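First up is the structure itself, then whatever we jot down about it.
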Amino acid sequence: MKKIKFSKRILAAGLVLALCLGTITGCQEKYPSGIVKEGGFTQEEASSTKVMVIGDYDIFMDEILIYAFQDAYMNGVTSDSWESKDATRKEAILSSIREGKILYDVAIHNNCELGESDIEFVNTSVNNFKMTMGDDILTKYGISDEVINKVFTEQAIVSKFENDMQNDMGQTITDDLNEAYKDYQFFSYYYMMFPIVEVNENNEPATNEDGSYIYLSDAEKEQAKKNAEEAIAKIEGGATHTDVAEEYGITPYCLDRVGYVDPNVELDEYTASIKDLKDGECSEVIENTLGYIVAVMLDSDDENLREGYISSMASEGVSSEYESLRQQWLATIPVDVEKDMEGTVWTDFDLKSVIVDMETGGII
């Protein structure tokens with residue numbers, strides 16, 4: 001049984017930012033000394049200025065500013081367009097830190113811990129982040145090594161927890177789907193159409209003013225059927241189906257198709273006529289409204305198709321179920337967007353200054 005491997009989102013937005021920034025940073029000297037000497041906070045001020053409360057967690061200015069750095073970089077914020085974005089971006093930062101902190105609380109209560117490789121990755125990402133931001137900006141806003149390590153570690157724990165949960169959920173769903181579809185036949189085939197209607201410049205069926213199809217003459221229809229019969233003989237004689245389609249000028253009306261047979265459902269006439277074909281065999285000529293059809297079996301037991309189908313369904317199932325579970329987690333800590341705030345500290349803060357400093361430093 002093939003195990004589905006869902007993508008590992010080990011460090012969430014914060015570490016994605018650190019890695020992205022780290023790739024464009026050669027050395028700290030890139031950022032000129034003394035670019036941000038006025039304003040800001042001392043380290044003591046930043047770590048003691050409370051902005052909000054999330055459950056049992058007090059959020060201080062230094063922590064929320066790291067989220068602000070991440071938000072500015074990842075959303076392409078610029079000072080030129082800032083006036084219209086101030087409230088939106090501030091609320092987005094609050095929302096991001098709320099969700100992150102609540103999910104972190106859920107993760108640690110579920111005993112999620114970082115492994116050795118995760119810790120190493122966090123350390124590397126923290127160093128990249130510090131190098132990219134530069135001492136001037138970090139010093140101006142009172143951002144200590146301690147709070148950087150705290151934020152990145154918490155984000156890593158959240159991502160590991162979410163990833164592990166999704167992988168476990170995905171494996172369970174995959175196992176169930178493999179059992180449900182174990183008796184299904186998945187197959188792939190080449191669909192060849194020999195038209196009996198006129199076609200327009202886009203190779204689509206031409207119609208009259210009343211929407212009805214414009215059919216070929218009886219003689220032309222008979223020739224189309226004859227061509228289909230000849231095509232079968234040539235393909236089963238060893239000719240390549242695509243070469244035969246090109247020979248008869250029907251390539252625009254042919255395509256690769258896939259299907260499956262549910263053993264518990266009565267088959268339609270078309271599926272019944274092709275399901276028992278061996279690889280390389282052709283169906284009999286099948287007539288429909290638009291022409292004569294020939295199906296060429298390419299793989300009568302397509303395991304790749306089976307796995308792909310189950311993988312797709314499992315991914316959709318995980319996405320739906322996990323989002324529902326995530327909303328339950330986020331509801332574990334009640335949020336009051338007004339009462340949770342510490343006065344007007346965040347409302348009064350000039351977030352645009354952060355954007356300007358990051359632009360001056362060449363970060364955004």
- Here are some residues: N202, N163. Which one is more than 30 Å from the chain's Cα centre (by Cα) and farther than 30 Å from A272 by Cβ? N202
- Item | Sole exception among (1) exposed (fewer than 15 other Cβ atoms within 10 Å of the Cβ); (2) more than 27 Å from N75 (Cα to Cα); (3) touching a residue at least 24 places away in the same chain (Cβ under 8 Å) for S300, by number | (1)
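Residues of region 111-136 being charged (D, E, K, R), open to solvent by less than 80 Å² (accessible area, probe 1.4 Å) and more than 26 Å from the chain's Cα centre (by Cα), which ones? Even if it seems obvious, please write down each step before you answer.
The initial filter retains those residues of region 111-136 that are charged (D, E, K, R), namely 113, 116, 118, 120, 130, 135-136.
From the residues that got through so far, the ones that are open to solvent by less than 80 Å² (accessible area, probe 1.4 Å) too are 118, 130, 136.
Of everything in region 111-136, those that are charged (D, E, K, R), open to solvent by less than 80 Å² (accessible area, probe 1.4 Å) and more than 26 Å from the chain's Cα centre (by Cα) turn out to be K130, D136.
Here is a list: K352, K339. Which entry is more than 22 Å from the chain's Cα centre (by Cα), more than 30 Å from A228 (Cβ to Cβ), open to solvent by 70 Å² or more (accessible area, probe 1.4 Å) and of a type in the set (K, R)? Before the answer, list the steps.
On the way: K352 fails: open to solvent by 70 Å² or more (accessible area, probe 1.4 Å).
It is K339.
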- Note on the structure: Scanning region 264-281 for residues that are in contact (Cβ under 8 Å) with a residue 40 or more places away in the chain and more than 35 Å from the chain's Cα centre (by Cα) gives I274, L277, G280, E281
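Which one of L305, L325 is in a helix (DSSP H, G or I), open to solvent by less than 80 Å² (accessible area, probe 1.4 Å) and touching a Phe, Trp or Tyr at 6+ places or on another chain (Cβ under 6 Å)?
On the way: L325 fails: touching a Phe, Trp or Tyr at 6+ places or on another chain (Cβ under 6 Å).
Unique residue meeting the criteria: L305.
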- Task: Just give me the residues in region 83-128 being touching a Phe, Trp or Tyr at 6+ places or on another chain (Cβ under 9 Å), within 13 Å of V158 (Cα to Cα) and assigned to a helix (DSSP H, G or I), in sequence order.
- Result: S96, I97, G100, K101, I102, L103, Y104, D105, V106, A107, I108, V122
- Message: Test of understanding: among M165, M193, which residue is open to solvent by 50 Å² or more (accessible area, probe 1.4 Å) and of a type in the set (A, V, I, L, M)?
- Response: M165
- Message: For a quick check of your reading of the model, give me the residue pairs whose first member lies in region 333-352 and is free of Cβ contacts under 8 Å to residues at least 24 places away in the same chain and under 27 Å from H109 (Cβ atoms), whose second is basic (K, R) and part of a loop (DSSP other than H, G, I, E, B), with beta-carbon atoms closer than 9 Å and at least 6 apart or on different chains.
- Response: none
- What are the residue pairs meeting all of these: first residue in region 215-242, first residue under 19 Å from S283 (Cβ atoms) and of a type in the set (A, V, I, L, M), second residue at pLDDT 95 or above and part of a helix (DSSP H, G or I), Cβ atoms under 7 Å, and 6 or more apart or on different chains? A231/V244; I235/H241; I235/V244
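Here are A46, A87: which of them is more than 28 Å from N163 (Cα to Cα), surrounded by 20 or more Cβ atoms within 10 Å (Cβ to Cβ) and over 24 Å from the mean Cα position of the chain (by Cα)?
Values: A87 fails: surrounded by 20 or more Cβ atoms within 10 Å (Cβ to Cβ).
Selected residue: A46, the only one of A46, A87 that is more than 28 Å from N163 (Cα to Cα), surrounded by 20 or more Cβ atoms within 10 Å (Cβ to Cβ) and over 24 Å from the mean Cα position of the chain (by Cα).
The values are calculated or read from the model by the stated rules, or taken from the named source; none is laboratory data. Model, not experiment: these values are computed from the prediction. Virtual Cβ from ideal backbone geometry, glycine too; neighbours counted across all protein chains shown. Side chains included, ligands, DNA and RNA excluded: accessible areas come from the protein's heavy atoms. Shrake-Rupley method; radii C 1.70, N 1.55, O 1.52, S 1.80 Å.
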